[in-house]
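Just passing along the structure, written as structure tokens.
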Amino acid sequence: MEKEEYSSECLSKSPKWTGRVTAGSPNVRQWAGTEYLKLKSCPELSRGKTVDVCDTVKAEDGEDWYYVRIKGKIYGFVCGQYVEKI
């Protein structure tokens with residue numbers, strides 16, 4: 001599936017806030033939406049881990065997805081319902 005009119009080049013890579021993972025093991029995806037592939041090179045996230053939230057994208061279903069930075073170097077998308085601001 002192709003990305004819509006967006007690309008990760010349009011997104012901020014500077015953290016706006018820090019988030020805490022609230023789900024057991026949410027998927028980190030290549031783009032916003034469950035229809036996109038999981039990142040292969042991403043460490044597994046688990047409840048309580050922190051991520052840097054850099055941007056927000058609305059998926060086709062209207063759900064907010066956060067563009068996050070993990071461990072200071074890996075970028076991907078996590079569904080907004082699994083991250084809370086701390």
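Take the residues of the range 39-86 that are of a type in the set (S, T, N, Q) and outside any loop (DSSP other than H, G, I, E, B): which is nearest to ALA23 (Cα to Cα)?
GLN81
To continue, here is another question. Name every residue in the range 16-57 that is touching a Gly at 6+ places or on another chain (Cβ under 7 Å), more than 15 Å from TYR75 (Cα to Cα) and modelled with pLDDT under 95, in order of residue number.
Scanning the range 16-57 gives a single hit, SER46.
Okay, moving on. Just to be sure, is TYR36 open to solvent by less than 40 Å² (accessible area, probe 1.4 Å), farther than 16 Å from SER12 by Cβ and either part of a loop (DSSP other than H, G, I, E, B) or in contact (Cβ under 8 Å) with a residue 40 or more places away in the chain (or both)?
Here the answer is yes, as TYR36 does meet what is asked.
Moving on to the next point. Looking at the range 39-61, which of its residues are open to solvent by less than 30 Å² (accessible area, probe 1.4 Å), of a type in the set (Val, Ile, Thr) and without any contact (Cβ under 8 Å) to a residue 40 or more places away in the chain?
VAL51, VAL53
The values are calculated or read from the model by the stated rules, or taken from the named source; none is laboratory data. Here the structure is a predicted model, which is why all the values come from computation and not from measurement. Ideal geometry is used to build each Cβ from the backbone, glycine not excepted, and the neighbour counts take in all protein chains shown. We work out accessible area using only protein heavy atoms, side chains counted, and drop any ligands, DNA or RNA first. Shrake-Rupley method; radii C 1.70, N 1.55, O 1.52, S 1.80 Å.
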